[in-house]
Structure formats: C-alpha cells, structure tokens
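Report on the following structure.
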Amino acid sequence: MNQRVGESAAASQAVEAFLAGYSPEVRSLALQARTLVLGVMPDAVEQVDVPGKLLGYGRAATYAGTVCVIMPLKAGVNLGFARGAELPDPEGLLTGTGKRARHVRLSTAADVKQPALRALLEAAAVADSR
C-alpha cells in the first residue's frame with residue numbers, strides 16, 4: 001500500500017512504522033537520509049511505498065514526479081535518483097547501469113554527510129524543477 005504523507009507528526013509516524021522492521025543502524029541511516037532529502041527539498045511530496053520497500057520524494061505523487069527514493073536494505077541504505085544518469089557526478093558516487101536511474105549506497109553516517117551527496121540532491125531537485 002502506498003501512503004502519501006506530509007511533513008508532520010503523522011508523516012514521521014508513518015516513516016517510523018515503515019522502518020520498524022529494519023535494524024537500528026539501517027533505521028538511523030534512513031532517517032538521516034530523509035533529513036538530508038527534506039532539507040534540500042522541503043516542499044517534496046513524501047510517499048511511503050510498503051510493497052516497493054522505499055520512501056519516495058518528488059514534486060508529485062506519481063512515478064514521473066519522483067526525484068529520489070530511500071531504499072533500506074539489510075546492511076545499509078540506497079539513495080536512488082530517478083534521473084541519476086543525467087546528473088553531474090564529479091565524485092563518482094552514483095552506481096547502477098539503468099538507462100535513467102542511479103543510486104548511492106550509504107553504509108555509514110559519514111556517507112550521508114558527504115558534500116558531494118548533497119550536491120547530487122541539489123542537482124536532482126533543480127533538474128526536476130525545469
């Protein structure tokens with residue numbers, strides 16, 4: 001079930017409930033990534049996609065409106081970019097071989113704090129606003 005949420009106590013509860021099945025380390029990384037995403041895109045529509053096992057962020061509650069996703073895994077988090085293949089990535093953070101999507105693997109809090117990761121998010125947000 002997809003659930004559209006906004007920035008509120010209810011949104012945080014929906015995200016916390018979604019992340020409850022993951023280890024404390026993965027939950028922490030996912031929440032840090034969420035803070036980064038919402039810091040760069042404070043007006044983003046946040047969706048909890050339980051079947052897809054991801055948190056989606058974008059300009060609209062549609063696939064076409066998706067800018068990025070947070071995908072919790074057993075031993076880390078992937079921050080995926082819907083149009084990652086089009087983004088400037090001078091630090092080489094993006095991985096993946098799809099025609100459009102790319103992701104960055106986050107394994108530690110330091111990974112989330114990389115200036116290059118924030119720059120990728122900012123570029124994704126700008127590219128999506130055009």
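Read-outs throughout are calculated quantities, based only on the coordinates presented, and are distinct from any laboratory measurement. Just so it is clear, the structure is predicted and the values come from calculations on it, not from any experiment. Every residue, glycine among them, receives a Cβ derived from its backbone with ideal geometry; neighbour counts consider all protein chains shown.
At-a-glance table
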| read-out | value |
| --- | --- |
| Additional length obtainable on full extension of the chain from ALA61 to SER107, 0.36 nm per residue less Cα span | 13.8 nm |
| Lys/Arg +1, Asp/Glu -1 at C-beta; the chain dipole; positive extreme among GLN13, GLY92, ALA119 | GLY92 |
| MRE, 222 nm, helices only [DSSP H, n ≥ 4, -39500 (n - 2.57), over the chain, to nearest 500] | -11000 deg cm²/dmol |
| Lysines whose Cα lies under 16 Å from that of LYS53, excluding same-chain neighbours fewer than 8 positions away | LYS74 |
| The chain: most fluctuating residue of GLN32, GLN13, GLN47 per GNM, C-alpha cutoff 10 Å | GLN13 |
| From the coordinates shown, Rg and Dmax of the Cα atoms in Å corresponds to which of (i) 13.4, 38; (ii) 16.9, 69; (iii) 14.7, 56 | (i) |
| Relative contact order (%) - the range 1-128, alpha-carbon pairs under 8 angstrom, separation at least six | 22 |
| Span from the the range 21-93 Cα centroid across to the the range 94-108 one, whole angstrom | 11 |
| Computed E for ARG83/LYS53 - FRET, C-beta separation, R0 25 angstrom, nearest 0.05 | 0.75 |
| About the Cα centre, charge dipole magnitude for the chain (Lys/Arg +1, Asp/Glu -1 at Cβ), debye | 300 |
